[in-house]
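Taken together, the values in this text are just the output of simple stated rules run on the coordinates, not laboratory data. All values reported here derive from a predicted model rather than from experimental measurement. Cβ coordinates were reconstructed from backbone atoms using ideal geometry, including for glycine residues, and neighbour counts include every protein chain displayed.
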Amino acid sequence: MGYDTDNIFAKILRGEAPAFKVCENDFALAFMDVMPQVDGHTLVIPKDGCEDLLDADPQILGETIQVVQTVAGAVKEAFEAPGVMIAQLNGSAAGQTVFHLHFHIMPRFSGLEFRMHARDMEDFDKLEKHAERIRACL
Ligand code: 5GP
């Protein structure tokens, strides 16, 4: 099976599905996870279509990880988090549910547990406010 151009992140990239955008450049897009495991949960994806880390073009990957680094700093500052976690899943056995490479950026606080992965849809006004907070720290 190859890369499915109808996956939800490909639709977001084509403007066919909505997203609360944080930033973008020629290579990558950052936007809020619609079912966040913690407030501030942000995703970074390459604009190039690839399923996961293992089939990504190394140059595109390099450009994408630079965006991850920048956005992680902004998320940490915006949510005054002592820590920030980067997660990236490859294959359904690893828990991947959307098959377009993405990096999760999640603020972390000791003692605060994550909500369930990809389960509860967040309020859209709240997501826009969170995106705004992160953009202000870029
Ligand atoms: P994975 O399980 O593949 O590592 O993560 C996929 C992530 O995409 C999940 O955290 C899930 O909440 C998020 N997600 C699924 N559908 C959508 C969507 O339509 N919009 C956004 N912004 N995030 C989504």
Discussion item. Among the listed residues Glu122, Glu132, Glu80, identify the single one that is of a type in the set (Asp, Glu), more than 14 Å from the chain's Cα centre (by Cα) and part of a helix (DSSP H, G or I).
Written reply: Glu132
Item to complete: Give Ala19, Ala72, Ala30 a once-over and let me know the one that is within 12 Å of the chain's Cα centre (by Cα), without any contact (Cβ under 8 Å) to a residue 24 or more places away in the chain and either crowded, with 18+ Cβ neighbours inside 10 Å or within 11 Å of the ligand (Cβ to nearest atom) (or both).
Response: Ala19
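A quick yes/no check of all residues on (1) surrounded by fewer than 14 Cβ atoms within 10 Å (Cβ to Cβ); (2) away from the ligand (no atom under 11 Å from the Cβ):
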site	(1), (2)
Asp39	no, yes
Gly49	no, yes
Asp52	no, no
Pro58	yes, yes
Val68	no, yes
Lys76	no, yes
Gly83	yes, yes
Ala93	yes, yes
Worksheet item: Does the range 97-106 contain at least one residue that is buried (at least 17 other Cβ atoms within 10 Å of the Cβ), assigned to a helix (DSSP H, G or I) and at negative phi?
Response: no
